[in-house]
1. Can you go through Ala41, Ala115 and tell me which one is more than 24 Å from Lys135 (Cβ to Cβ), hydrophobic (A, V, I, L, M, F, W, C) and modelled with pLDDT of 90 or more?
2. Kindly list the number of the only condition in (1) at pLDDT 95 or above; (2) over 17 Å from Ile205 (Cβ atoms); (3) under 16 Å from the mean Cα position of the chain (by Cα) that fails for Pro129.
3. Does segment 64-87 hold any residues that are surrounded by fewer than 16 Cβ atoms within 10 Å (Cβ to Cβ) and either under 14 Å from the mean Cα position of the chain (by Cα) or part of a loop (DSSP other than H, G, I, E, B) (or both), and which are they?
4. Just wondering, is there one or more residues in segment 133-149 that are in contact with a strand residue (DSSP E or B) (Cβ under 8 Å, 6 or more places away or on another chain), exposed (fewer than 15 other Cβ atoms within 10 Å of the Cβ) and of a type outside the set (A, V, I, L, M, F, W, C)?
5. When Glu118 is evaluated against the numbered criteria (1) touching a residue at least 60 places away in the same chain (Cβ under 8 Å); (2) surrounded by 18 or more Cβ atoms within 10 Å (Cβ to Cβ), which criterion, by number, is the only one it fails?
6. Looking for something in a loop (DSSP other than H, G, I, E, B), under 14 Å from the mean Cα position of the chain (by Cα) and touching a residue at least 12 places away in the same chain (Cβ under 8 Å) - is there at least one such residue anywhere in segment 174-187?
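The values are calculated or read from the model by the stated rules, or taken from the named source; none is laboratory data. Nothing here was measured: the structure is a model prediction, and the numbers come from that model. Glycine also receives a Cβ, built like all others from the backbone with ideal geometry; neighbour counts cover every protein chain displayed.
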Amino acid sequence: MLFSVLHSALRSTRFSPIKHDNRPMSKSTLLLLFLSGLLTALSPVYAQQTDNPNPDKAKVYFMRVSGTGALVNFKYFHGNHYLGKFSGPNYFVYEVEPGEHLFWVTSENRDFIEATLEGGKTYFIEVRPTIGGVKAAVKVLPIDPADTKRMKLVNRMILKKQPMVFDDAKVAEDRESMDFFIQNGLEKYTSDKSKGKTVAQLTSIHAID
C-alpha cells in the first residue's frame, strides 16, 4: 500500500542525531520531515474514503485503473440488476447487503465474480481491460489487500479523484432495454458453471476492516 511504501522509505533512511548549532539540516533530516508530513497528511484521507462504518452493509470498490481501451464503456451488473457504465480509468463504490452475490461486467465479452461479503467490511475488485477481437474485452479480478503492487494503484486513484456516481435517470433509461441482455448474460454464467469453468471469487481473505 501507499503507506507501506512511505514507511519503507523512512526505515531505509539513515539519520544522525540533530545537533543544536547553526549548521543547516542534512538532506536525510529534511527527507525525514517531508516523508513524515506526507504520511500524516495522506493517512486520514485514505482512511476516510475507504472505511466502512456501517456494520449492516458491505462496501465494494470497482476499480478500473488501466488506461487500456479507455474509450470503451464497460457495463456493470449485480445479479439481474444493471448498475451503470463508464469508460476510461475510474472507479465507483457500491454498498450491498452481506451474503452471497454475483457481480459481472460486460464489454466485448462478459466476466463474472462470485462474492461472499461481510457487513462492515470493504472489498476491492479490479476491472481489467484485455485484448479483444474488435474492442477491449474485460476481466474481473478480486484484489488482495496484501498485494502491495495492485493496492498502490488503487490508493493512487482513490487519492487522485472522487468515486464516480451514476446518473439515476440515465441508468433507468438504459435499464429499459436491458432485459434480454441481462437474461442472456445470466444464461452464460449458468452455462459456464455447468461446464466447470472457473469463476473468480471475492471472499473474506480480500476484506479490509
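1. Just one listed residue meets the conditions, Ala115.
2. All conditions are met except number (1).
3. Answer for segment 64-87, where residues must be surrounded by fewer than 16 Cβ atoms within 10 Å (Cβ to Cβ) and either under 14 Å from the mean Cα position of the chain (by Cα) or part of a loop (DSSP other than H, G, I, E, B) (or both): Gly67, Thr68, Ala70, Leu71, Gly79, Asn80.
4. Scanning segment 133-149 turns up no residue that is in contact with a strand residue (DSSP E or B) (Cβ under 8 Å, 6 or more places away or on another chain), exposed (fewer than 15 other Cβ atoms within 10 Å of the Cβ) and of a type outside the set (A, V, I, L, M, F, W, C).
5. Just one mismatch for Glu118, condition (2).
6. Of all residues in segment 174-187, those in a loop (DSSP other than H, G, I, E, B) come to 176-178.
With the extra rule that they be under 14 Å from the mean Cα position of the chain (by Cα), the set shrinks to none.
So far as segment 174-187 goes, no, none of its residues is in a loop (DSSP other than H, G, I, E, B), under 14 Å from the mean Cα position of the chain (by Cα) and touching a residue at least 12 places away in the same chain (Cβ under 8 Å).
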